[in-house]
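Here is the structure we will look at.
The values are calculated or read from the model by the stated rules, or taken from the named source; none is laboratory data. Because the structure is a prediction, the values reported are computed rather than measured. All Cβ positions, even for glycine, are placed from backbone atoms using ideal geometry, and neighbour counts span all protein chains on display. Keep in mind that these areas ignore ligands, DNA and RNA; they rest on the heavy atoms of the full protein, side chains included. Shrake-Rupley method; radii C 1.70, N 1.55, O 1.52, S 1.80 Å.
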Amino acid sequence: MSANLTIKTFRKEMSWVRKTEQSWVHRLCQQVLKCGPVPKHVAFIMDGNRRFAVKNSLERAEGHIMGFEKLAKALEWCSNLGIMEVTVYAFSIENFKRSKDEVDGLMELARQKFAKLLQEKENLDKHGVCIRVLGNLNLLPHDVQVAVANAVNLTKHNARAVLNVCFAYTSRDEICSAMRDVAHGVEQGIIRDSDISEHLLEQCLYTRKSPNPDMLVRTSGEFRLSDFLLWQTTYSCLSFVQVLWPDFSIWHLYAGVIKYQRNYKAIQEAIKDNLIERERLQKESDYECAMEELRQKQTNHFKDTDIKSCVQDYTKKREQRIKMFLDDLERRRNKFFDDLATDQQVTNAAAT
């Protein structure tokens, strides 16, 4: 059985947003968990679809389909717990090294799922779900890029819940992309090399619109991040689960939340310490840059009030430069999606 035929067999069963009746047991568990801190943002490494297929004598394509079915359920579980942002590792750049049949099957699944999104607009709007697709999308077939762009543009104004789909993604590629964007800003004279900081680089990542994940869950018993959100998960609570992704259950999610709650205080203290250190380093950098500007003016004698005023002026100008740079970056990234959507409109017009 071919990958495409297998996918078509399951096509009617697949949906992004679901709402099913909960048992009193799960309602009780959720109420208990909500008495403590609940993660606002959870990331999933959905590992084990292929092994699940082999274990159950299924086609690999069926394993990936069942993996999507589990994702739909996990999104519902998260919503019921009040977890309103989820990021999933759907397709790594490394996955392009797999067999042609498997890659083609995954691309076909992506086409169908993003096409399904267009059909579910009313349901997505009703639940306020925003879909973002993060990754090096130029690596994808053009028609998949167009499908992604249409899905992103369709839901970009929704704000109640967010699903980030990491597709053609690795963290190293993401960081390299951010570095190229920063270098472009310096070359164009929009920002200075002295403006570059940890915070600025963070604002250039694909995930710039999202808070960092509070919790990361990886299935299949592997204890590694596989080049996923390496920057963003520095202060995330990591939960490694032994089961394969299609076998992942709501009880595993509950266990992850409990672990997060046990470590919540230590994690928040570490985040706070990091923010304090960032602010200290930025103030130190602004002071040094402001003093250098004063020295270049060949001013040998200046008062403390002059120094303070100069530092404040430099900080204000730096923030203006960075805002201009980030606004330009956002325009360029939005143009990428808009151009793809326009391509689709032109194609449709030509067909009619």
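In the structure shown, the pairs 156/259; 40/283; 55/100; 40/70 are assessed against 27 Å; a Cα-Cα span above that value is assigned to 156/259; 40/283.
When you count the other C-beta atoms within 10 angstrom of each residue and take the mean per peptide, 71-80, 173-182 line up highest first as 71-80, 173-182.
Under the shape rule built on the C-alpha gyration tensor, where the axes satisfy a ≥ b ≥ c, region 51-136 is prolate, since a/c reaches at least 1.5 and a/b is greater than b/c.
Accessible surface ranking for 195, 143, 273, 1.4 angstrom probe, highest first: 273, 143, 195. Computed over region 92-218, the P(r) curve from all C-alpha pair distances, binned at 10 Å from the origin, holds 11, 34, 34, 17, 3 percent per bin.
For the chain, the Cα-based Rg and Dmax, in that order, read 23.3, 82 Å.
Only helical runs count toward this figure. For the chain, summing -39,500 (n - 2.57) over DSSP H runs of n ≥ 4 and dividing by all residues gives -20000 deg cm²/dmol at 222 nm.
Ordered from largest to smallest accessible area (heavy atoms of protein chains, 1.4 Å probe), the residues 144, 162 come out as 162, 144.
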